[in-house]
């Protein structure tokens, strides 16, 4: 390597730095300073992070070699990095082994004075330090929610306010029965890993129990195959429990296509041809929300919509009779089932919200007062830290 | 007269449909154009953060849209790729939406040819993988595990520009052009919030409001997103900024569309006004009768 | 007639068929709709099989190229087979195992992600000083904090919306309505853009070919 | 067995995903990686169920000569056309790619663009100043709509002196302000509330309190 470098220097001739009349590159001040190696934080180990700063006024080199050696072992060149980079991640280390690193500036194929060495060893951490605040809050809130679920299960007193969209479910199914027209249930277009879809299939069970009871046909076109399976299970079970297994029609729950607008086109066709009297649009929706809701409105159906997608809520509000906003969608299954343990979880959610309101109000007061009085700004910083997640 | 107001309030929606169609077709056919004034804001922030990338930095650009949102997101993608390739920034493309991969390829090949860039040295298209959030989380620990090959099945290890790019942290910036789910929130959740890589991007105008919270800047801290292009206006802003800075940048399609846009907006607003006039007139009459 | 022409004409005619739905349901729309559902289902099936199942499962299981076979991939393979057992009604019960995995993984992942990005991060960003640089930002910050706190009150389920709670909930829902109006207004633009895209296709790609096809 | 094994799997999978987030120490990152990989594979494999369902529903329609059965062959041919060419010629080029690009893509774009019409009719019908809250909704929609296109500012500058004032783009600025302040506050309340809903729903799933997705409680 060294010989090749020398060869190159002879070939290329004097380097600009020499031509400028300064000392030879070997005597130049180090290219980089504050070179350090640390264990990469919050990982399973196996990574050491190197960082350095370019020292001002140093020569611009062609590239830099990052080298590594184990105690007493040979030096390996890990990588050639660009002269303006200031960091490198070594992802090939073993945990608990001490490595030493050096940075070798290269100019015209020659090694200049190396920076370093510095040493570090990698290790794995048990708790992600940037997430400990979130861990604490998660555990506290989960404890609240699970406590109120237990409380509800044991028959504790629970008041739940009226949610207009959900009180209308019975009316909507009833109206469809009177008019002799079907009920259409659309569980959104996302797959089963989406929590809104999960919530929607649970609500589907409650709605199916009503349609089974009233003997009204229920149609559920879906856009994802896993949702098809779950919806079939849920509806079948609801009909079984209502004592109407004969009325369950497996094909009324059908897969159309995974394609967002192919699905919208198909559902639009179903709406204008079957003319459902009640349409439920509950789950995760994107742009197709208004295509479905406006078409549903044009056939005069009662429409109950709900989603936690903030961008689609305005359209449901403009085109549907009732809209469940955000969290109300997740409250729906508890509300409709009236099961005490589920209602308990709503109470738990309220406590969680109250907790956050208190945090926000305290934090705002503290940071406002903190503009004039330092101790308060420390409280604000603490609150921000607590809610800060990396 | 009262009858007129009543009829106006309940006008057949198909009349609105026809007027909207005309509002778009006529300005396009006549090629009307309006000037685009760009002030400070998310579009400018985004442009500036892309523009300040030093040469030889590496950007991951994720094409998270499909042809249905092409009119809004494609002009952005073209302008951004144009920008990156003319400033010597290396570009790794991928897609969270299946059809995004071929849309990306279309742009990359065309612009790289016109600017004389080289595949595998200046840019690479890794293609599409499913999984959304799960996939991004995977990329956070290993790019190669999720993308064993690029779009044309060249093994990851044989692509020179990917040397030293092992995971998301190795990128200087991530740009996502996002039509929905998966998209911006997922990149922000993993890449920006968890890994600390700057994330910026564009989205349809409809989803932009929900990302405003990500843009908030506080002193001494990185925002969750560097900037945001919202819809056709965002694309037109970017085109205008690009042309202001680099006069040789070819004209885009977004500016032309803004004229049709303006007329259609006017038509809708006129209808909202008419609807309210009808509503108020009828209400006055009802009160008068009482 | 070139393939390019077939593409442009096919696309344009199908576009017009779908637009006819705006007038009312008709045989042209029914045709295009059924074709769309079928073709897009076919597209997704192929894509899923060749772009997901093959590289992420099969290639890893058998060790495509010079990679070693990953025997652990037998587990998802078995789960996938159980999933498909649904078609045999006697064995349908077993599909609950893969469903359980999907729901569990989804619930766990969404819990932390939503809680972090939509929960804590938004709370953190709302902890802002009310006074600071001038009157304008003070009003802005006050409005944001009020909207967030009152909006949260609106979502209270276990408290009747009466008294102070009712007042705050009222302020909350009002702020939500302003937000919805803004969001709607903002969206109009995007929707018009889409129509512009389609109009450009019809006007500048399809219409110019009409005289050629008609031999004019 | 029918209930407890699935509930156990849900619990374990959910807890692994949560712990993976908080605990960077092995085995959790590895386990989490596996669960995510398996999830993708299992969810993707379900596509076969969807295909079978689609074909069965349409074949049945043809058999029974149900209403509009004449269109069912179109769906089946469309499906088989794409599927067959995809298997035979690959999906990144050839007839599959052609049909997708030239037919499926424009149809998707067309359906999406229907929204331009629906947004107009919904705005016309829903935005009536029936009370002060509805008036606020109307006003914010109207101002933002105007602020999104250059024409809003052009109208503002028709007022003498407006173009030279400190705010030549006043309409855009008002629109941006509505988006930045009241809209952000409102959106944020929805986001935080919904996050609580997600946490509670996820916990109910993971701890097996809500189990109807598994089909009942036996």
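The values are calculated or read from the model by the stated rules, or taken from the named source; none is laboratory data. Predicted model only: the values in this text are computed from it and were never measured. So basically every Cβ, Gly included, is an ideal-geometry build from the backbone, and we count neighbours across all protein chains shown.
For segment B:3-14, name all the residues that are in a helix (DSSP H, G or I) and either touching a strand residue (DSSP E or B) at 6+ places or on another chain (Cβ under 6 Å) or surrounded by 12 or more Cβ atoms within 10 Å (Cβ to Cβ) (or both).
Our first condition is that a residue be in a helix (DSSP H, G or I); within segment B:3-14, this holds for B:3-9, B:13-14.
If the condition is that a residue be in a helix (DSSP H, G or I) and either touching a strand residue (DSSP E or B) at 6+ places or on another chain (Cβ under 6 Å) or surrounded by 12 or more Cβ atoms within 10 Å (Cβ to Cβ) (or both), then B:5, B:6, B:8, B:9, B:13, B:14 are the ones that fit.
Name the helices (runs of 4 or more DSSP H) wholly within segment C:53-170 that hold at least 1 residues that are farther than 27 Å from residue B:181 by Cβ and within 7 Å of another protein chain (Cβ to nearest Cβ)? Quick ask: steps written out before the conclusion?
Details: elements: C:59-62, C:74-84, C:96-114, C:121-126, C:135-154.
Counting at least 1 such residues, we get C:74-84, C:135-154.
Select, from C:4, C:33, the only residue that is without any contact (Cβ under 8 Å) to a residue 60 or more places away in the chain and out of contact with any helix residue (DSSP H, G or I) (no Cβ under 8 Å at 6 or more places or on another chain).
Values: C:33 fails: out of contact with any helix residue (DSSP H, G or I) (no Cβ under 8 Å at 6 or more places or on another chain).
On inspection, the qualifying residue turns out to be C:4.
Could you tell me whether any residue of segment C:1-10 is modelled with pLDDT under 90, facing chain D (nearest Cβ under 10 Å) and assigned to a helix (DSSP H, G or I)?
Checked segment C:1-10: at least one residue is modelled with pLDDT under 90, facing chain D (nearest Cβ under 10 Å) and assigned to a helix (DSSP H, G or I).
Anything in segment C:16-39 that is surrounded by fewer than 21 Cβ atoms within 10 Å (Cβ to Cβ) and either part of a helix (DSSP H, G or I) or facing another protein chain (nearest Cβ under 7 Å) (or both)? List them, or say none. Full working, then the answer.
Of segment C:16-39, the ones surrounded by fewer than 21 Cβ atoms within 10 Å (Cβ to Cβ) are C:16, C:20, C:22-28, C:30-31.
Answer for segment C:16-39, where residues must be surrounded by fewer than 21 Cβ atoms within 10 Å (Cβ to Cβ) and either part of a helix (DSSP H, G or I) or facing another protein chain (nearest Cβ under 7 Å) (or both): C:16, C:20, C:22, C:23, C:25, C:27, C:28, C:30, C:31.
Criterion first (assigned to a helix (DSSP H, G or I), in contact (Cβ under 8 Å) with a residue 60 or more places away in the chain, farther than 23 Å from residue C:145 by Cα and within 12 Å of chain B (Cβ to nearest Cβ)) does residue C:194 satisfy it? It would help to see each step written out before you state the result.
On the way: assigned to a helix (DSSP H, G or I): yes; in contact (Cβ under 8 Å) with a residue 60 or more places away in the chain: no; farther than 23 Å from residue C:145 by Cα: yes; within 12 Å of chain B (Cβ to nearest Cβ): yes.
When the stated conditions are applied, residue C:194 does not pass them.
Which one of A:338, A:297 is under 21 Å from residue D:212 (Cα atoms) and free of Cβ contacts under 8 Å to residues at least 40 places away in the same chain? Steps first, answer last, please.
Numbers: A:297 fails: under 21 Å from residue D:212 (Cα atoms).
Answer to the selection: A:338.
Is it true that some residue in segment A:254-270 is part of a strand (DSSP E or B) and either at the interface with chain C (Cβ under 10 Å from one of its Cβ atoms) or within 25 Å of residue D:82 (Cβ to Cβ) (or both)? Even if it seems obvious, please write down each step before you answer.
First pass over segment A:254-270, keeping only residues part of a strand (DSSP E or B): A:254-255.
From the residues that got through so far, the ones that are either at the interface with chain C (Cβ under 10 Å from one of its Cβ atoms) or within 25 Å of residue D:82 (Cβ to Cβ) (or both) too are A:254-255.
Yes, because at least one residue in segment A:254-270 is part of a strand (DSSP E or B) and either at the interface with chain C (Cβ under 10 Å from one of its Cβ atoms) or within 25 Å of residue D:82 (Cβ to Cβ) (or both).
Only one of these is touching a helix residue (DSSP H, G or I) at 6+ places or on another chain (Cβ under 9 Å) and farther than 30 Å from residue A:256 by Cβ: D:47, D:18. Name it.
Numbers: D:47 fails: farther than 30 Å from residue A:256 by Cβ.
The unique qualifying residue is D:18.
Counting only residues that are closer than 30 Å to residue D:176 by Cβ, touching a residue at least 12 places away in the same chain (Cβ under 8 Å) and within 11 Å of another protein chain (Cβ to nearest Cβ), give me the helices (runs of 4 or more DSSP H) lying completely in segment B:22-132 with at least 3 of them. Steps first, answer last, please.
On the way: elements: B:42-51, B:70-86, B:100-115.
Here the list reads B:70-86.
Of all residues in segment A:359-385, count the ones that are more than 7 Å from chain C (Cβ to nearest Cβ) and within 13 Å of residue A:141 (Cβ to Cβ).
Adding up the residues that qualify gives 0.
Failed condition for residue A:234, given (1) more than 28 Å from residue C:30 (Cβ to Cβ); (2) more than 8 Å from chain D (Cβ to nearest Cβ); (3) assigned to a helix (DSSP H, G or I), with all others met?
Only one criterion is unmet by residue A:234, namely (2).
Can you tell which of D:147, D:208, D:161 is surrounded by fewer than 21 Cβ atoms within 10 Å (Cβ to Cβ), touching a residue at least 12 places away in the same chain (Cβ under 8 Å) and more than 7 Å from every other protein chain (Cβ to nearest Cβ)?
Working: D:147 fails: surrounded by fewer than 21 Cβ atoms within 10 Å (Cβ to Cβ); D:161 fails: touching a residue at least 12 places away in the same chain (Cβ under 8 Å).
Selected residue: D:208, the only one of D:147, D:208, D:161 that is surrounded by fewer than 21 Cβ atoms within 10 Å (Cβ to Cβ), touching a residue at least 12 places away in the same chain (Cβ under 8 Å) and more than 7 Å from every other protein chain (Cβ to nearest Cβ).
Per-residue answers, yes or no, for (1) more than 13 Å from chain C (Cβ to nearest Cβ); (2) within 30 Å of residue A:69 (Cα to Cα); (3) free of Cβ contacts under 8 Å to residues at least 60 places away in the same chain:
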site: A:167; (1), (2), (3): yes, no, yes
site: A:184; (1), (2), (3): yes, no, no
site: A:192; (1), (2), (3): no, no, yes
site: A:199; (1), (2), (3): no, no, no
site: A:209; (1), (2), (3): yes, no, yes
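Does residue B:260 satisfy being modelled with pLDDT under 90, within 14 Å of chain D (Cβ to nearest Cβ) and over 17 Å from the mean Cα position of the chain (by Cα)? Explain how you work it out, then say what you get.
Working: modelled with pLDDT under 90: yes; within 14 Å of chain D (Cβ to nearest Cβ): yes; over 17 Å from the mean Cα position of the chain (by Cα): yes.
Yes.
Collect the residues in segment A:174-203 that are more than 30 Å from the chain's Cα centre (by Cα) and crowded, with 24+ Cβ neighbours inside 10 Å, keeping them in residue-number order. Spell out the reasoning first.
Start the filter on segment A:174-203 by keeping residues that are more than 30 Å from the chain's Cα centre (by Cα), which leaves A:174-184.
Scanning segment A:174-203 gives A:176, A:183, A:184.
Got at least one residue in segment A:332-349 being in contact with a strand residue (DSSP E or B) (Cβ under 9 Å, 6 or more places away or on another chain) and more than 17 Å from residue C:129 (Cα to Cα)?
Let us first name the residues in segment A:332-349 that are in contact with a strand residue (DSSP E or B) (Cβ under 9 Å, 6 or more places away or on another chain), namely A:332.
From what is left, the residues that are more than 17 Å from residue C:129 (Cα to Cα) are A:332.
The answer is yes, given that some residue of segment A:332-349 is in contact with a strand residue (DSSP E or B) (Cβ under 9 Å, 6 or more places away or on another chain) and more than 17 Å from residue C:129 (Cα to Cα).
Testing residue B:63 on (1) on the phi > 0 side of the Ramachandran plot; (2) buried (at least 24 other Cβ atoms within 10 Å of the Cβ), one condition comes back false. Which one is that?
Failing condition for residue B:63: (1).
Quick one: how many residues across segment A:67-117 are part of a strand (DSSP E or B) and more than 14 Å from every other protein chain (Cβ to nearest Cβ)? Even if it seems obvious, please write down each step before you answer.
Our first condition is that a residue be part of a strand (DSSP E or B); within segment A:67-117, this holds for A:67-70, A:76-81, A:87-90, A:95, A:98-107, A:110-111, A:115-117.
Then keep just the ones that are more than 14 Å from every other protein chain (Cβ to nearest Cβ); that gives A:67-70, A:76, A:98-107, A:110-111, A:115-117.
Total satisfying the criteria: 20.
What about residue D:54, is it touching a residue at least 12 places away in the same chain (Cβ under 8 Å) and closer than 24 Å to residue C:50 by Cβ?
Numbers: touching a residue at least 12 places away in the same chain (Cβ under 8 Å): yes; closer than 24 Å to residue C:50 by Cβ: yes.
For residue D:54, the condition - touching a residue at least 12 places away in the same chain (Cβ under 8 Å) and closer than 24 Å to residue C:50 by Cβ - is met.
Can you say whether residue B:41 is under 17 Å from residue C:189 (Cβ atoms) and buried (at least 18 other Cβ atoms within 10 Å of the Cβ), as far as the supplied structure shows? Lay out the reasoning, then the answer.
Values: under 17 Å from residue C:189 (Cβ atoms): yes; buried (at least 18 other Cβ atoms within 10 Å of the Cβ): yes.
Yes.
Filtering segment B:133-155 down to residues that are more than 13 Å from chain D (Cβ to nearest Cβ), surrounded by fewer than 18 Cβ atoms within 10 Å (Cβ to Cβ) and not in a loop (DSSP other than H, G, I, E, B), which residue is nearest to the chain's Cα centre (by Cα)?
B:144
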